1. Starting with the fewest neighbours, write out A:243, A:797, B:167 ranked by other beta-carbon atoms found within 10 Å of each beta-carbon.
2. Quick one: if you stick a label point 7 Å off each Cα along the C-beta vector at residue A:636 and residue A:497, how many nm between them?
3. Starting from a Cα-only point model with no solvent, please compute log10 I(q)/I(0) by Debye for chain A at q = 0.06 1/Å.
4. What's the FRET efficiency of residue B:169 with residue A:406 using the Cβ-Cβ distance as r and R₀ = 60 Å, to the nearest 0.05?
5. In nm, what is the difference between 0.36 nm times the number of residues separating residue A:839 and residue A:489 and their Cα-Cα distance?
6. Between residue A:600 and residue A:442, what's the calculated FRET efficiency when r is the beta-carbon distance and R0 is 41 Å? Round to 0.05.
7. On a 0 to 90° scale, report how tilted helix A:738-747 is relative to the longest principal axis of chain A, with both axes built from alpha carbons and the result rounded to the nearest 10.
8. Would you please state which residues of the stretch A:884-918 a label at residue A:944 would reach in this model, taking the label point 7 Å out along Cα→Cβ and a backbone N cut-off of under 20 Å?
């Protein structure tokens, strides 16, 4: 266990009484509560934390937050392991285990680093250029690329943790809890508005936690604590620390990822979820997301020890860690001056402050000079040297146009290079909300322009980099947001004073020129995570990929897990330079959610295991379970598929069930059929418009089968509708079509036919349906029903009656071709009815049968199942069902399409029956019928098998198919092409059993 | 309904009675299955004539304010749409309500449909009941936006529901299609776990 060699003796927002042990790349270290993994590693003198994606160059901790490109780690092991987390954002906990990604066998010696030696051979677009041809080699290429690609490992085991979701509404959502966000939440909260303040860090305060700044004459941290205290006292303000607003969607719908117990590691209590997804609908949004410091692009600017200046400042102040012993600060703006002072205060020797601007002046420069720190104006760091860590920089003088280094260079030894190339407002959420960015020339950065949704930006994310401006903008934005959300009292409180010296303008130099003697070779990195250099950007532009979206994809800049937070603007600046456009003209790529990666577990929430999708149960479900039924999914329904007896196979069970129906009586749970109650003076008119046949003659007590078509004339649904009384009908639909048909009818009624007086009510689950089918069905019903004259109860009629003492509605309809009664009773009595039928039916050997037998029975009769034998391209005529299409009706849905030439042509695909030459052969459904057998595909196709079963009643296989011109080919023999052989079958009428329908009407 | 056969509620297979407690103690969430509540779907344009007729049958006029419920004498009417209500009755009284409505609405364009058996009702109460709903329901359930007497159709997890807030305590009745009742109950139970769940008799 190593000592925390770089820990300052005092200070910082860490708890030195709570020492935490952790492991990184297998070595044990200790840190303190309040550390991040990155700050704890730095405290232990660990700077080298990873290898770069493409060249496997050593990389160090670069930032202290969400923008981190280098310190990407794999956290934990086993089922809980998580890839691609930023060490700068992982709160330290006892027992934490982390490892570098993208290096093998170790971060110190990485075999992949050989790719750096060949890096001249791997320019931008390398993969596109190299792996394109010959095409047949692609599988080999893909194997190599997949092996080399990707950071980290996904867990192989099931995630053992629990993730939850909350839907929440608020008046004002404030994204970001730095000075502007705290001020905004305070101003909005005091109006009484419902406010949510979310911040990605463990504590509120944002940049103030790492600055020595003052507010209102006191240390800024006191203002933070007092403001948070006031917010806690407001009943309608919800504070969400450790919560990243990661997505901004339409209609002010935002996603927040709250890490509830991640920071506790194994000590997390069992109750609360690990993470919680907040789906927020906000009336108003205040974006206070802060800003990311921008690096400078110079040669070998990726060596471990090169770090954002503000990060170095946060490490010394907030975490009491010295990230180096001897620093060079290089900047193009004022903000890094305070960094140099803070480093000096922390005991880090500042060897020099290098300022790109020619004549640095002002109180901060004076303060540095007073301390004896060199302030080198008009100069830049042009290159670094070192192995696994930087050991020196070369400093050279910039010419006036900043496109050349004049004179020689000077070497300055250091182990820390603090860079500041200005600041990029974190406009990610603003851009996701579809707000338009504008380029701010003074700050050389993109700032929010016109808003698209009800949001406003405040503070650094709005381009306000001075603390006093952040506070004032935050207060004003919070008050205005509350006012716009309807809270009239929302007047902005006066902003506290936060004195800062006047800032001088920055000098934007997108790429520090190389000294004249080194025009080639040295890499000037733009995107550290994806190893994209300034030369790559220039090459892409030369090769024609000069549009930003092309540049991004060709070079992959900004496409890493950090999404280019430190690289995008520099890439755009260099592209502008290369193409002679200004950066405003180049534009920016689209920002997309998430702001930082979110885990799948969070998005899935509790939609896992048995809660993944609802399993709809019929009233008799428990009975089916109790007798060992095997279920199948039909949409969300669980339907009994077959009922095996003992070790019976599926085939044997289905054969037995089918024969019971054909020879005696079977019972099937038909409760899932869609049922719609249709009432109103125009109910009949509606039926006439939506079904193909005529309904005027349907009398009360009678049922009729109907087809519904889409406007295209293709089959949409089918079912039996019964006349219950004057202007009152009971419509049934297919199981899968219940919701679709109701929505379709409502759509017509509400949008096209609002004058029709019809009301539709779904009664699908009000009724339990037990259908008894078979030659003994009437005898069975007679035993349980004495108030219906079964002798005067013809096919396609219905009766109200009492079955086994239960009030029932009995429909004499059939889907098996046998004498059949569908008995409908209130759902709560479904089991009672079923059991009564089973008991009374015992003497007939009543046999419960499932959906498989149901399908076989209907296929024997040639009854189609919509969506099984049809696929949205099938007309009633194709099915040979012209008889159900009214020639007399003036109109019905789909009629007009029959006049389309393609719908009317006589040689469309028609439904036919198929009988294989070998009666034992059951071809798979979906098999292709070929018109000509050739040794290998392609072969001319004639159609496909839609239904195919073993028919126990017929002692042979049967099939139905859609076959080109099939109606006129009865008697022909066709060939069904299977993967390993061809099967010959005779084309027949699609009716195999009782073609005259005598049993049905018996 | 005949007494000879036991009616089965949509959640009976979960044997909730065996788990039911008399005193929920400090449970954050209290749930029950409300068995055999009568439900009648009422359709009609809310003209004066319609409201008078329906009001005469129910003893109160169906509410016209969207997403509110009204009631009297144990019967309530939940607004579902500009011309649609769910009339909720104590178990067994749906028949008389249907007859009364049909009698008074005769001659008008209206529809009265018994849907008692098509939906299950789950009672959800306790100090953390609102949070449980928030886990799966996109409605704004904050007391400023949704109070006792309010109702709305929405989704809860992956089921379509009607949520009716019956008291400011808060307490809710959640109506769900009968076939989804098993799923929704188990989803609610899972969501309530972290707050402590007690099952009581309906």
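1. Taking fewest neighbouring Cβ atoms as first place, the list is B:167, A:797, A:243.
2. Result for the modelled spin labels: 6.3 nm.
3. For the requested q values the scattering log ratios are -0.65.
4. The pair residue B:169/residue A:406 has a calculated efficiency of 0.15.
5. Values: separation 350, 0.36 × 350 = 126.00 nm, distance 7.37 nm.
Computed gain between residue A:839 and residue A:489 is 118.6 nm.
6. Once rounded, the FRET efficiency stands at 0.45.
7. 80
8. Answer for the stretch A:884-918: A:908-916.
None of the figures in this text is laboratory data; all of them are computed from the coordinates on show. Remember, predicted model here, so these are calculated numbers, not experimental data. Using ideal geometry, Cβ is built from the backbone for each residue, glycine included, and neighbour counts are taken over all protein chains shown.
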